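Have a look at the structure below before the remarks.
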Amino acid sequence: MRQSFFGINIALSGLYTAQRNLDTIGHNISNVTTPGYSRQLSVQNASRPLAVLDGTGMIGTGSEVSGVNRVRDEYLDFKYWSENTANGEWGKKSELLSQIETSFGEPSDSGFVTITNEFFNAYQELAKDPSSPAVRALVREKGVTMAKYFNNTATRFEKQQEDINDMVRLNVDQINSTASQIQQLNKQIYSYELEGNSANDLRDSRTLLVDNLSKLINIQATEVSYGKLPNGEDDIHFLITVSGKPLVDHYNISKITIQQRDDKLNTEDAGNLYDAKWENGNKLDLTGGELKGLLDIRDGKDGAVGADGITGSPLYKGIPYYQSKLNEFVRTFAMAFNEGYTNSNGTLVDGVGHADGYGLDPDLTGPKTSSTGIRFFTMFGDGDLPVSSSTFIGGATSTPATGTTPADLSQIKARYQNITAKNFTVSSDVMNNTNTISTSDVAGENGNINVLNKILEVRSNQSLFYEGAPEDFMKSLVAGLGIDAQQANRFSKSQDTIVSQIDNRRMSVSGVDINEEMTNMVKYQQAYNAAAKMITTMAELYDTLINRLGVG
Amino acid sequence: MRITNNMVISNMIKNLGNNQARLSKYQEQVNTGKKISVPSDDPVVAARALKLRTDVAKVEQYQKNIGDAQSWLDATDEAMSKLGDVLQRARELTVQAANGTNTPEETQKISAELKQLKIQAIHQSNSTYAGRYIFSGYKTDQKVMNDDETSANFGKYAIDVNTTGEKIFYEVGVGDSISINVTGGDLFNLGLDASNSSNGISTSQIDKLTYPYTVDATNDAISISVDGNPSNPLVATIPPAATPGGYTDAASLAKAIQDAVNTQIDTINVGLPVGSAPMLPIEVSIDAGHIELRTTSKTSTSAITITNSGFFASVNATNTVETTGDVGETPSMIKMFDDVIAGMEKGDSKAISNQLDTFDEQIGNVLRVRADVGARQNRMVLTEDRMSNDLINFTEAMSNNENVDVAEAIMNLKNEESVFQASLAAGARIIQQSLVDFLK
């Protein structure tokens, strides 16, 4: 014997089911633009049937919604995270290298090549008229312009290094705050899911945080099962590691800290740069992410051993590398120009340089005004004023004649190690009196340009640098930078494409499609209408049964 | 594959971004006319661009140098041409004067004209180019000959010029230098050097010098001051003579004094601060009634002043300082004029005609130098030609390397523009339509 109002209950479950489905659709539609949102599907099934014993088998009791699932392909998430790490690294490198490129200002009409050309051309003019004060002043100004190019470039590099240092700090803060948000979400998700439900929206938020984190630092995120819970479910913990060390382990978190270095890593570095370490003082191994990109550019000196003689710099050509190259250039160039020292099969050889010559003797008052021992280029000293030749060379043998001992040469060479691209300048002697610019190899011979011609040879001295003449050195430096930047741009671009392809696939699986939702909406609306119609029909049945069936 | 709304939107944004990036790249190419703006656009082009810029800058400077070298050589040639005319006229006059039938008056007239020609030749030696003396070797701010007609040294060399050493070179190509000057000695001294003896002479009258001359504590001190030197007065001690009884002759005494003073100068030089010029040694000579000290410095104000004590007091020296030395040798060309003029004044027609050979020699020498300068001018013309070819080649290479083909860049730009517009239009269609639009 069936219950009297059984039919109306079945219809009612249909109404409920349709409504629950419409709710899910509504949730999907309102989250169509939510970042990281995965579409949800109601799990609908027929409710438990009634077994009747009159031989007609089981009777259906309507429908029910047993849960709401999120549609997600976890494999795509893993893929996304690992590719996004490389994307972050190369994106940063590409961005920072293009800043370095801008600092060099080549190729242009105001870069190193143009400035050097103008300097040497002014020297050529001096060769033609060594007694002209106007041309002497021109040479000095062009010399100052050249020195300023190096000062500006080096200062810009230093500023950039400090900027990157601030970015490192922000980056680490971001990593830590993301990690603690993930830790909070872990707690919520774990306690909610203990009951066997799925915390769909919380999981979406967590995946989105991991997405962000994977761009900052190389992470590995997995759900690890730690045995069974009393209710028989797996005990799942969420674990994020960086190079094998846990950053977030379920409810626990290990932060990354930054601390100012006591000693510089590279001699060229700005002071007080940050080191990123684990909270417990362990070394942080980085294999990717924006943080690695930042540190490689900030510290990279092509793997050269740092200032302490032990620690190696990152194997990448970053700011310290370019600073050291500029320093190498100004030191070698100034030494060749001032002293006439050149390399011959790796040995320093003394030749004729600026210090070996005599300047202009305007009134021929005798050897008093001659300029032997004057260096054209020195460096900024106290109070940012150019130092004089004698101060600069102070103590070392003043003008070693050709064939001086290697000891004398290395003594002088050591003085030039004090010059950097940042403090490189024209000596105070030349700044104060252009007559000290030497051209002649005999005092008082104002038309003699023997020394000047020797100095001009510096320009085309192919053995001055490993790369060749001065201009070849800068050319290969700029070309090398161009190649590195091009590589970073390409990697960044291709990595970006890969990441967006994976993201596309994720969106294909998890994204909300309005057309689909609309179709379903119509579908469930119809189902709702049909269930309602069913109730009406039932109502009519009862009307007939109760009101029209003549009883008495 | 399931296509969702967000996919469509993000793909569209990405593609529009790519289109825009390409659009802006071509826009920049059209705006700047350059293929690249940073080295990473194309490192090879960037490296080559730097190299070619240097090449072009060098060639442009070489062209300037060639122009200046040519002007200098032209000025030299001009001066020598005038000098040649002077010599030619002088030779004609000499031939005329060698004729023994001239009256003394006629010879006088010829001699007067010759004197004027000599003056002209001397002034010609101090020809300038852009304010610099062209025959003075490295000392382009000093006259090669004394051209002060009132001076006793008129027509003598005022400075030393080393004919083989003092060549001024201009760089007119990579590793290609040319000497652009002619030295005074080459032209006026038959290819020899121009030379000027020391300046800064101090001559002293001496009364009481008898040989053998014995030095002891009363008379062995030499005290002198030298202008422009850091340590004044300088005190040296004459060592005792090697021969018993004292110095036997003037030469050995002079040498002993010179050595003693120069040893002292060396000692002073060792102690000089960095950068200051060393003191130059002095020369000493003694004859019957004089002792002469001269610095080897070539500056006219350097003079030696003796202090009347020790040695100088013992020989009763009276000091005369001559600071305006500048007593140079007479160039052979000027000497020839002098000889001819002297011959005329004596009326010695034999001596005059003897000089005709010398004239031929001098004229031949001037022609030799002119031919040399002519050859150099010729070389400059060729080098100039080569440089202008180089400039065209390098500029073209530079342009090929880094300049865009404007037509191509504009075509690319237009193409990208239409692609961009098409994708915007397509995007607008895709985005606006969904089932919502059709449900009632």
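Things to note:
- Over segment A:115-217: Kirkwood hydrodynamic radius from C-alpha pairwise inverse distances, Å: 19.0
- Accessible area per residue (1.4 Å probe, heavy atoms of protein chains only) ranks A:Asp163, A:Asp384 as A:Asp384, A:Asp163, with the largest value leading.
- Rg of the Cα atoms in segment B:231-271, relative to 2.2 N^0.38 Å, amounts to 1.32.
- Cut-off 20 Å (backbone N to label point 7 Å along Cα→Cβ of A:Asn231), residues of segment A:180-209: A:185-204
- Translational diffusion coefficient (Stokes-Einstein; Kirkwood radius from C-alpha pairs) of segment A:15-73 at 25 °C, 0.890 mPa s, in µm²/s: 182
- Label zone at B:Val174 (point 7 Å along Cα-to-Cβ), backbone N below 20 Å, segment B:27-56: B:44-56
- Pairwise Cα separations in segment B:20-92 fall into 10 Å bins from 0 onward with the following percentages, short to long: 16, 21, 17, 13, 11, 9, 8, 4, 1.
- Helix axis angle, A:406-416 relative to chain A longest principal axis, alpha carbon, degrees: 50
- Dipole magnitude of the protein assembly as shown, debye to nearest 20 (Cβ charges: Lys/Arg +1, Asp/Glu -1, about Cα centre): 3880
- Accessible-area rank, largest first, for A:Val305, A:Val65: A:Val305, A:Val65, with all protein chains present and a 1.4 angstrom probe.
- Using only the C-alpha atoms, the convex hull of segment A:472-552 corresponds to 73 Å³ per residue.
- The alpha carbon convex hull volume per residue for the protein assembly as shown rounds to 237 Å³.
- Look at the stretch A:517-524: the mean tally of other chain Cβ atoms within 10 Å of its residues' Cβ atoms is 2.
- In a reduced charge model with +1 at each Lys and Arg Cβ and -1 at each Asp and Glu Cβ, chain A shows a dipole moment near 960 debye about its Cα centre.
- Computed over the Cα atoms of segment A:10-123, pair by distinct pair, the Kirkwood hydrodynamic radius stands at 21.0 angstrom.
- Averaging Cα coordinates gives a centre for segment A:88-125 and one for segment A:473-552; these two points are 50 Å apart.
- Relative intensity of segment B:389-440 on a log10 scale, I(q)/I(0) at q = 0.18 Å⁻¹, equals -0.74, per a Debye sum over C-alpha point scatterers of equal strength in the absence of solvent.
- Between A:Val509, A:Asn520, A:Ala539, the Cα set farthest toward the positive side of the dipole of segment A:505-546 (charges on each charged residue's Cβ, about the Cα centre) is that of A:Val509.
- The value obtained for segment B:86-163, namely the Cα convex hull volume divided by the number of residues, is 114 Å³ per residue.
- Computed lengthening from A:Lys523 to A:Gln487, 0.36 nm per intervening residue step minus Cα-Cα distance: 7.7 nm
- Bins of 10 Å, starting at 0 and running to the largest distance - Cα pair percent for chain B: 4, 14, 14, 14, 14, 11, 7, 6, 5, 4, 3, 2, 1, 0, 0
- Per residue accessible area in Å² of chain B, where ligands, DNA and RNA are left out and the probe is 1.4 Å: 48
- Overall Cα dimensions of segment A:258-385, principal axis frame, Å, largest first: 73, 39, 23
- Cα radius of gyration and Dmax for segment A:384-515 (Å): 27.6, 95
- Placing a pseudo-label 7 Å from each Cα along the Cα-to-Cβ vector at A:Ser410 and A:Asp73 gives an inter-label distance of 6.7 nm.
- Kirkwood Rh in Å, taken over segment B:141-187 so that all alpha-carbon pairs contribute: 12.5
- Sorting B:133-142, A:314-323, A:255-264 by their mean Cβ neighbour count within 10 Å, with the most densely packed peptide first, gives B:133-142, A:314-323, A:255-264.
- Short-range pairs are left out: with C-alpha atoms under 8 Å and at least six residues apart, the relative contact order of chain A is 20 percent.
- Computed over chain A, the P(r) tail beyond 33 angstrom holds 61 percent of alpha carbon pairs.
- A:Thr378 sits among other residues whose Cβ lies under 14 Å from its own Cβ, and their net charge, with Lys and Arg +1 and Asp and Glu -1, is +1.
- Mean residue ellipticity (222 nm) of the protein assembly as shown, computed from DSSP H runs ≥ 4 via -39,500 (n - 2.57), nearest 500: -18000 deg cm²/dmol
- Anisotropy class of segment B:1-157 from Cα gyration tensor, a/c 1.5 cut: prolate
- Extension gain, B:Val235 back to B:Phe154 (0.36 nm per residue minus Cα-Cα distance, nm): 25.5 nm
- For B:Gly328, the residues whose modelled amide H falls within less than 5 Å of its own, excluding neighbours fewer than 5 places apart on the same chain, are B:Tyr157, B:Ser197.
- Taken residue by residue and averaged, Cβ atoms of other chains lying within 10 Å of the Cβ of A:4-17 number 0.
- Taking 0.36 nm per residue of separation and subtracting the current Cα-Cα distance, fully stretching the chain between B:Asn99 and B:Thr263 would add 53.0 nm.
- Site pair A:Asn433 and B:Asp348 shows an inter-label distance of 5.3 nm when each label is modelled 7 Å from Cα along Cα→Cβ.
- Angle of helix B:250-270 to the longest C-alpha principal axis of chain B, folded into 0 to 90 degrees and rounded to 10: 30°.
- FRET E, pair A:Ser463, A:Thr311, Förster distance 30 Å, beta-carbon r, rounded to 0.05: 0.35
- 12 Å cut-off, amide nitrogen to a point 7 angstrom out along B:Asp339 Cα→Cβ, residues in segment B:81-105: none
- Each 10 Å bin from zero up to the one holding the largest Cα-Cα distance in segment A:49-208 carries the following percent of pairs: 8, 17, 16, 13, 12, 10, 8, 6, 4, 3, 2, 1, 0.
- Segment B:325-431 shape via C-alpha gyration tensor axes, a/c threshold 1.5: prolate
- Partner chain coverage, peptide A:439-445 - average Cβ within 10 angstrom: 5
- Here, segment A:189-341 yields an orientationally averaged convex hull projection of 11.8 nm² when only Cα atoms define the hull.
The values are calculated or read from the model by the stated rules, or taken from the named source; none is laboratory data. Computed from a predicted model, the values in this text were never measured in an experiment. Positions of Cβ are generated from backbone atoms using ideal geometry, with glycine treated the same way; all protein chains shown enter the neighbour counts. What goes into the accessible areas is simple: the full protein's heavy atoms, side chains included, and nothing from ligands, DNA or RNA. Shrake-Rupley method; radii C 1.70, N 1.55, O 1.52, S 1.80 Å.
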